[in-house]
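Below you'll find the structure I mean.
Nothing in this text is a laboratory measurement; each read-out follows from the coordinates by a stated rule. Note that the coordinates shown come from a computational prediction; the quantities given were computed from them, not determined experimentally. Note that we place each Cβ from the backbone using ideal geometry, even for glycine, and neighbour counts take in every protein chain shown.
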Amino acid sequence: MKENKFFIDAPECVKFYVARTEKELHIQSIGYNNFRFVKPQLFPRNQDHFTLHFVLNGGGTLDLGGVKRHICKYQVFALDDRCEFTYFPDKESPWEYVWFDFAGAFAESYLKQAGFSYDRPIINCGEPQRLLSAFRKIFTEAENQRPVPYFEALSAFFSTLASVSEDTDKTIFFYHNDYIEEIKRFIGLKYLYDDFSVEYLSRSMHISHSHLCKIFKNSEGVSVISYVNGLRMKRAEELLEKTDLTAREIAYMSGFKEYEYFLKCFKKRHGMTTSAYRAARRK
């Protein structure tokens, strides 16, 4: 890693998500700036959205309503859509930071839950290394003109909020409906693959296995594996009704790796064998 650089060579990088229309909360863009090479905006201004910054290196000053506060490495600061502000880097050690522009009906609520307020716009990050890993992946992809899926940016956003929260249950930030819907959409694309697993899902969604299982169960009322098996069972039921494939063939085509496990799940769900189910449905 080069001196005075973070994880990319470019002095700045921005990824826009202009097509997002979620009313509760949506990430408009995520960006990176290295103010050793980027000229700061030194004039007071307002904005019509919210912004969250994570300082990677160096420092700077935030002037919020005439009150100046110094900000340093591994601190997070937030700006809302109501007040006039100015912020600028230190001359000797100018900051590098990652930022999110976001909006939505719940945007202010999420900042408040994390502990931000007008009088407390800056909070120390409790888990910087976890964030560094997520941001490094995002901006390496973006700098090389590769797509950065929206759920990666959304996950990094909630991870940043969770890293500054004093709430003992930091999974509160992952209850956002849009994030759960992203997880379900991903499952819908992958559940028939024989290498699909909860571990694969958690890696793909950039959250830990335990966080994934907890937030999914709290949101959907069932475990991830039960939800996946439910989708696989619906697929199997459809194939039993509409094809003459054997039960073993249907098991594998529905995403079940083990035939005996499929039969056990099917019997538990329907109280009958696959052959009895097929016969009953074709009467």
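Starting from the 7 Å offset along Cα-to-Cβ, what nm value, one decimal, do you get for the label separation of residue 253 and residue 180?
If labels sit at residue 253 and residue 180, their model points lie 3.3 nm apart.
If I take R0 = 22 Å and measure r between the Cβ atoms of residue 112 and residue 73 in this structure, what FRET efficiency does the formula 1/(1 + (r/R0)^6) give, to the nearest 0.05?
The formula returns an efficiency of 0.30 here.
Now a separate question. About its Cα centre, how strong a charge dipole does the chain have in debye, to the nearest 20, once Lys and Arg get +1 and Asp and Glu get -1 at the Cβ?
1160
Using a 10 angstrom cutoff on alpha carbons, build the Gaussian network for the chain and name the most mobile of 233, 272, 253.
Result for the chain, Cα springs under 10 Å: 272 fluctuates most.
Using alpha-carbon pairs under 8 Å, 6+ residues apart, how would you state the relative contact order of region 12-163 in percent?
Relative contact order, region 12-163: 27 percent.
Please state the charge dipole magnitude for region 12-163, taken about the Cα centre, from unit charges on C-beta atoms (+1 on K and R, -1 on D and E), reported in debye and rounded to the nearest 20.
Once rounded to the nearest 20, the dipole reads 260 debye.
Further question on the same structure: Considering only 221, 102, 158, whose Cα is most displaced toward the positive end of the charge dipole of the chain, charges sitting on Cβ of Lys, Arg (+1) and Asp, Glu (-1)?
221
Okay, moving on. Expressed as a rounded percentage, what relative contact order does the chain have, with Cα pairs under 8 Å and six or more residues apart?
14
Among 32, 193, 87, which one shows the highest mean-square fluctuation when the chain is modelled as a Gaussian network with alpha-carbon springs under 10 Å?
193
In degrees, nearest 10, range 0 to 90: what is the angle between the Cα axis of helix 259-270 and the longest Cα principal axis of the chain?
So the inclination is approximately 90 degrees.
Same structure, new question: Which semi-axis lengths, in whole Å and largest first, follow from the square roots of five times the eigenvalues of the Cα gyration tensor of the chain?
47, 19, 15
Where a Cα-Cα gap under 26 Å defines reach, which lysines qualify for residue 283, not counting those fewer than 8 residues away within the same chain?
Answer for residue 283, where 26 Å is the Cα cut-off: 234, 242, 264, 267, 268, listed by chain and number.
How about region 54-106: which GluC sites (Glu not before Pro) there lie in a loop by DSSP and see at most 11 other Cβ atoms within 10 Å?
Hits after loop and neighbour filter: 92.
Further question: Mind checking the full-extension length gain between residue 279 and residue 38? Use 0.36 nm per residue of separation minus the Cα-Cα distance, one decimal, nm.
Using 0.36 nm per residue and subtracting the Cα-Cα distance, I get 79.7 nm.
Using only Cα atoms, tell me the angle between helix 150-164 and the longest principal axis of the chain; keep it within 0 to 90° and round to the nearest 10.
Approximately 60 degrees, to the nearest 10.
Right, another one. Run the numbers on region 175-283 and let me know its relative contact order in percent, using alpha-carbon pairs under 8 Å that are six or more apart.
Reported relative contact order: 22 percent.
Rank 210, 280, 192 by how far each Cα sits towards the positive end of the charge dipole of region 175-283 (+1 on Lys, Arg Cβ; -1 on Asp, Glu Cβ) and give me just the farthest.
Positive-most Cα among the choices belongs to 280.
Run lengths n ≥ 4 of DSSP H only: what is the helix-derived mean residue ellipticity at 222 nm for the chain, with -39500 (n - 2.57) per run over all residues, to the nearest 500?
Here the helix-only value at 222 nm equals -13000 deg cm²/dmol.
So, with +1 on the Cβ of K and R and -1 on the Cβ of D and E, and no other charges, what is the size of the charge dipole of region 19-76 about its Cα centre, to the nearest 20 debye?
260
Here's a follow-up. With θ taken as phi - 60° and the coefficients 6.51, -1.76 and 1.60, list the Karplus ³J(HN,Hα) couplings across region 182-196 in order, rounded to whole Hz; mark glycine and proline as x.
Result, ordered by residue: 4, 4, 5, 5, 5, 4, x, 7, 10, 5, 7, 6, 6, 9, 6 Hz.
Quickly rank 122-131, 102-111 as a protection proxy: mean count of other C-beta atoms within 10 Å, highest first.
102-111, 122-131
Rounded to the nearest 0.05, what FRET efficiency do residue 245 and residue 189 give with R0 = 22 Å and r taken as the Cβ-Cβ distance? Could you check?
0.45
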